[in-house]
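Just so you know, all these numbers are worked out from the coordinates, no wet-lab data involved. Being a predicted model, the structure only gives us computed values, none of them experimental. Virtual Cβ from ideal backbone geometry, glycine too; neighbours counted across all protein chains shown.
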């Protein structure tokens, strides 16, 4: 058993080509295993793990292609290495027959209609390439991973200023104007737009839409970190805004693993204001309900596709009334009703405060004084010590109601009224007069009552509802409906995009520059897109110390 | 403005009666405010907060009723106090005309058919009363709050040994054999059984069922802490078991605020094995999907009612195949698919391990070796360093598959196969032979493949599926379907109840003992239940030091 080594100095191939060469060599007669890598320190370690690190390998530099063959005989190894050029030729894509510009700038000159640059170079080089692309006015599809959070922030800040999208880093997939980028299922075109912070999430949803007979207008990947606190949905918000303005898009789908809570609220508030139905599947995010106004929450990726297709078939024009000014004050007697209402309302109302917070940051500093949007569970110990439960005794609720009416910030009062055995025999007789008086004193305040009861309850369901309605309250019978109404009435208008992305780039036939994996270039041209592949090589010959030095020289004054 | 005080030594009334007296006094002419309390230190503080603490009040003992009136004149105050007996008489319920036993034992003698005792005495006395009830063979509905966790554990341990249910502490509601306990909506009887760890949650669901035309067999409250780790769903599991055996119950609904993760899994595994469709609404719990076998996950309390009513109208007989032995080994190329599968499977498979855990305790100690149920995302950095993504390169997945086949603990191998642009041109050609060989070597192992793709994908969807099926894999097209299948195939049989609760107690017309709020007695008799009210007073005259001494004497050897 022996190792034979070949070093090709200054020769760069991408990892797909290297893999195919390695597979080809390993399959040759008499060959036991083979390693084909760019000779970076990490890759040398990897070769060692597979018992493929020959002593000669140590002489290779990071910008050298290193080929090691483990064979049974000297002859088999030599024969294998003699096949390298043949195997490379066989596996080379149609890129090789083209003229290949050596820089992004040259590529942009060659394909001036290019709107987007696909970047799949190794992670440590990716941010610099993406900056170049943005500087050339290109949207960026950044497939590369191992890009730092700081680099992502810098890239997305620059992109936002230039009205450009950065999909990624670590963005595996997108469908732009009918052309799949990276990994993408082939789907028919149609009225459903997708924004996804997860790769196979986007694929499962777009494939599901197609399989159900629907179609996709645009599907934007954002990279998996976009909905983290540090990035604050920068790309997702831009992409949502594009889909909101895109006349081809009738329904939007948002897909992600669970976002940071505040980021989710920000994105959902924007989605609520976008004027189109939005299907949300934040996998593993506690859903605030099935539907809040124009937001539809799905329980699986496939259900997101189903809901989107159903909505696209029956598009409902959403014309929400101009929202109320002022804040929510929810005064609950039922703890679970308060909890369910909070869970629903926190999706879009922020910040939301409570004496029974779901998130720690929602904790009300002083339970006896509301601030901003507030939901109080008056059945909690703070309030019941030495008192009867508020379902039996309205006294404390009436006092608190009066207190809220005295607060000029209050805009909507939400009360639950729970009927049945054991409860107050006629709660509306005490609540309705207070509502009527409040409505007179404060014409700017709305009252919403959630009535839980049946037609057999001793209080008389219809009479209770009628008293409340006559006093001026809008009555709902389920938390879900009350939440949907309140969420729409109090929706904040999200600030408009500072520099909206130009829609036209996504409406023209796709033309793109590809830097990195040649297979992505092949995929683009196979799909009929115009494309140029850049003959990219690691800067400074892959020497990281030298690269660092160059970078420092560039940024020094 | 002056305060006038009356102390009635050794006189006990419950808090509802005290409230009504207080309201009655406060409404009298010339009276400004009134306080009526049992003179415990906490209640004296409360009076002070309302400027109702007279100097004379200090002389009252905890077992004395203390009445304080604040009036504008001496005469108005005196007139008010003169009304006390009249007001008390007016507000007293129909209890007063009955013979009232002084002890639980006497009440049980008077109503031997009583199956359940309602306890609503102040929290500090409640555990002792509940122990007495259990010792008399009574199920317990424990409305009282402020019962310690240790007391709850002791009560539920004793109850389980005696085949009895303890609903509570802090259990606000239940419907037993058509009779509402505590706060309860009046609903028609029917085929839907409810187990709820939340009071208004139970009310909203049962009222919703009635309002949608359905009906309720039994609705058991468990108390809000039952699904916490310390209690481990003791009552919920008993109640579920009762409903599983109850021939009147066709569909079960489980309601709770989010349980502890391990408790949720325990309860859901029992629900999956109960042989009836179960609707789950753990408000704020990330749903594992819409449906896993016989488990249906709702997005709101009202949707839980809707789903239950729909299922009750079309009851499906669930006959799951006998489950497989062995553990799941999920080898994923798509990170989001892995995540969605974990989210679904963790609901019933426990413990579940992964290199991309959702819960910290799911973290796999060694990502290169599976243990128990394991899901691996092979697209994570651990595996892609120096390699292509597993959607491009099956090499690592094939090696890992072989490794799993060598593990006698492996029972079901789950693979995703993601088609489309950019992905491997023919993944099935590499995976199918490995599956076929594995199936031959290990006849005890099942293979499940989740294929994400469309009929336009370059790999040829049908051909890919056919290769996988021919090799022996069961193919699903959505994670949701794959999860539902795998969850049922690997379901563990939960251990049977050690001492199942006798169903008969809930099938006979309800007879109950009431200790505490007289209004609950009134509610029972109004609903046609046989009931006895205990003339309960705080032991040792409410003197807590003396009570402690008595308790210590009882428990000493």
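Averaging the inverse of every distinct alpha carbon separation and then flipping it gives the Kirkwood radius. What is it for the stretch B:134-196, in angstrom units?
Over the stretch B:134-196, the inverse of the mean reciprocal pair distance is 12.8 Å.
Measuring from a point 7 Å out along Cα→Cβ, what nm distances, shortest first, does residue B:262 have to its partners in the other copies?
Result for residue B:262, in nm, nearest copy first: 3.3.
Going by average Cβ density within 10 Å per residue, which order do the peptides A:481-489, B:498-506, B:452-460 take, highest to lowest?
Most protected by this proxy first, the peptides run A:481-489, B:452-460, B:498-506.
DSSP beta bridges in the protein assembly as shown, what fraction antiparallel, as a percent rounded to 5?
30 percent
Given the C-alpha centroids of the stretch B:220-290 and the stretch A:125-189, what is the distance between them in whole angstrom?
Answer, in whole Å: 45.
Å³ per residue of the Cα convex hull, for the stretch B:186-292?
Dividing the Cα hull volume of the stretch B:186-292 by its residues yields 89 Å³.
On average, how many beta carbons from a partner chain sit within 10 Å of the beta carbon of a residue in A:176-183?
Counting other chains' Cβ atoms within 10 Å and averaging over A:176-183 gives 3.
Sort A:8-18, B:280-290 by packing, meaning the average of other beta carbons within 10 Å per residue, with the highest value first.
The packing order, highest mean first, is B:280-290, A:8-18.
Which residue in chain A puts its Cβ closest to the axis that rotates chain A onto chain B, and at what distance in whole Å?
Looking at chain A's Cβ atoms against the axis toward B, the nearest is A:286, 3.
Is there a simple number for the mean count of other chain Cβ atoms within 10 Å of the Cβ of residues in A:195-206, and what is it?
Counting Cβ atoms of other protein chains within 10 Å of each residue's Cβ and averaging gives 6.
Placing the label point 7 Å from Cα along the Cα-to-Cβ direction, what are the distances from residue A:462 to the equivalent spots in the other copies, shortest first, in nm to one decimal?
So the label point of residue A:462 gives 6.0 nm to the other copies.
What Kirkwood Rh does chain B have if only Cα atoms enter the pairwise 1/r average? Answer in Å.
Averaging 1/r across every pair of different Cα atoms and inverting gives 27.0 Å.
Considering only DSSP beta bridges with both partners in the stretch A:323-394, what is the antiparallel share in %, to the nearest 5?
Roughly 0 percent of the DSSP beta bridges within the stretch A:323-394 come out antiparallel.
Using a label point 7 angstrom from Cα along Cα-to-C-beta, what distances in nm, from shortest up, separate residue B:162 from the other copies?
Shortest to longest, the spacings are 7.6 nm.
What average count of beta carbons from other chains do you get within 10 Å of the Cβ of residues in B:419-430?
Per residue, the average neighbour count from other chains is 5.
Sequence gap at least 6, Cα distance under 8 Å: using those rules, report the relative contact order of chain B to the nearest whole percent.
Answer for chain B is 15 percent.
Going highest first, how would you order A:363-373, A:28-38, A:181-191, B:110-120 by mean Cβ packing within 10 Å?
Taking the mean over residues of other Cβ atoms within 10 Å, the ranking is A:181-191, B:110-120, A:28-38, A:363-373.
If you average the C-alpha positions of the stretch B:481-535 and of the stretch B:344-416 separately, how far apart do those two centres end up, in angstrom?
Cα centres, the stretch B:481-535 to the stretch B:344-416: 42 Å.
Tell me what chain A gives for mean residue ellipticity at 222 nm when only DSSP H runs of n ≥ 4 count, each as -39,500 (n - 2.57), the sum divided by the residue total, rounded to 500 deg cm²/dmol.
Taken over chain A, the calculation gives -11000 deg cm²/dmol.
Percent of Cα-Cα pairs more than 58 Å apart in the protein assembly as shown, please.
Considering the protein assembly as shown, 25 percent of its Cα-Cα pairs are separated by more than 58 Å.
Between rounded, prolate and oblate, where does the stretch A:327-489 land on the alpha carbon gyration tensor, with a ≥ b ≥ c its root eigenvalues, rounded for a/c under 1.5, else prolate if a/b exceeds b/c?
The shape class here is rounded.
What translational D, rounded to a whole number of µm²/s, comes out for the stretch A:2-92 from Stokes-Einstein when the hydrodynamic radius is the Kirkwood one over Cα pairs, at 37 °C and 0.692 mPa s?
The diffusion coefficient I find is 259 µm²/s.
Just how far, in whole angstrom, is the stretch B:452-467 from the stretch A:420-466 if you go by their alpha carbon centroids?
Their Cα centres are 59 Å away from one another.
Cut-off is 10 Å between beta-carbons; in what order do A:417, B:69 appear when sorted fewest neighbours first?
Fewest-to-most Cβ neighbours within 10 Å comes out as A:417, B:69.
Using Cβ contacts closer than 10 Å as the measure, can you line up A:521, B:99, B:125 from fewest to most?
Exposure proxy ranking, most exposed first: B:99, B:125, A:521.
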